[in-house]
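The values are calculated or read from the model by the stated rules, or taken from the named source; none is laboratory data. Remember, predicted model here, so these are calculated numbers, not experimental data. Cβ sites come from the backbone with ideal geometry, for glycine too, and all protein chains shown count toward neighbours. To get the accessible areas, we keep the full protein, side chains included, count just its heavy atoms, and leave off ligands, DNA and RNA. Shrake-Rupley method; radii C 1.70, N 1.55, O 1.52, S 1.80 Å.
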Amino acid sequence: MNRIKNITSTVLSQFWGKLERIDFDFKFKNGNWKRLAHEAYGKSDGVAILIYNAETKKVILSKQFRIPVYISGVSEGVSIEVCGGAIDEGESPETTVIREAKEELGYHISNLKAINTVFLSPGIVRERVHLFIGEYKDADKIDNSGGGLEIEGEEIEVMEISFDKAIEMIDSQEIIDARTIMLLQHLKIKGLLS
């Protein structure tokens, strides 16, 4: 049974991503139709990857300034998180995540594994995020690489920390990024660094 009809879209902004007002008729379970309006925001789908070293039991995270975190009054705008980014047109999620790991973290990755594709805020953001894990070794470090791309306005501090410390940082709320929490918990649940 079709519960949605008469969908219209009005673009409100296209500065970085597209912000749309979506108007539609929605049929409730009681049979009544109601005209509703919501906003949807998005650019393209994204990726996120947690890389880990099974031998040293360490993970690599990034630390960077995020304006939404800053204007929310949290941690002076600093976010500790997994590597991630937007999928460019014509790129696969796998290609994107390998590129992002080189640009942001400065590492080649191996044993790339897709975990899930999630919506982080499905009430307003239409972006789907493809979650991955991958392995690294010290020899996978790319000389003079990592830290993000200046042309993209990135200034990223690369952090190699123990897996146990990363889990503690969730409890202490030093890590507040949902993608990062999900991927660290995935490693924990699967016992990959036990």
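Numbers at a glance
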| read-out | value |
| --- | --- |
| Residue that is surrounded by the most Cβ atoms within 10 Å (Cβ to Cβ) [pool: residues in segment 84-97 that are farther than 17 Å from ARG179 by Cα and within 18 Å of the chain's Cα centre (by Cα)] | GLU91 |
| Selection count where residues are assigned to a strand (DSSP E or B), farther than 30 Å from GLY134 by Cβ and of a type outside the set (S, T, N, Q), scope segment 1-50 | 23 |
| Counted residues, segment 1-49 - those being of a type in the set (D, E, K, R), touching a residue at least 60 places away in the same chain (Cβ under 8 Å) and either in contact with a Pro (Cβ under 6 Å, 6 or more places away or on another chain) or farther than 30 Å from LEU112 by Cα (or both) | 1 |
| Qualifying positions in segment 105-155 - within 15 Å of the chain's Cα centre (by Cα) and basic (Lys, Arg) | ARG126, ARG128 |
| Flag for ILE156 being open to solvent by 30 Å² or more (accessible area, probe 1.4 Å) and within 27 Å of ASP45 (Cα to Cα) | no |
| Segment 115-137, subset exposed (fewer than 15 other Cβ atoms within 10 Å of the Cβ) and not aromatic (Phe, Trp, Tyr), residue farthest from LEU12 (Cα to Cα) | LYS137 |
| Members of segment 170-194 found to be over 18 Å from the mean Cα position of the chain (by Cα) and either surrounded by 13 or more Cβ atoms within 10 Å (Cβ to Cβ) or under 17 Å from GLY84 (Cα atoms) (or both), listed by number | LYS188, LEU192, LEU193 |
| Residue count for segment 64-77, restricted to those that are over 13 Å from THR180 (Cβ atoms) and without any contact (Cβ under 8 Å) to a residue 40 or more places away in the chain | 8 |
| Number of the condition not met by GLU81 [criteria: (1) surrounded by 13 or more Cβ atoms within 10 Å (Cβ to Cβ); (2) without any contact (Cβ under 8 Å) to a residue 60 or more places away in the chain] | (2) |
| Residue among VAL69, VAL97, VAL59 that alone is within 30 Å of LYS141 (Cα to Cα), touching a helix residue (DSSP H, G or I) at 6+ places or on another chain (Cβ under 9 Å) and not in a strand (DSSP E or B) | VAL69 |
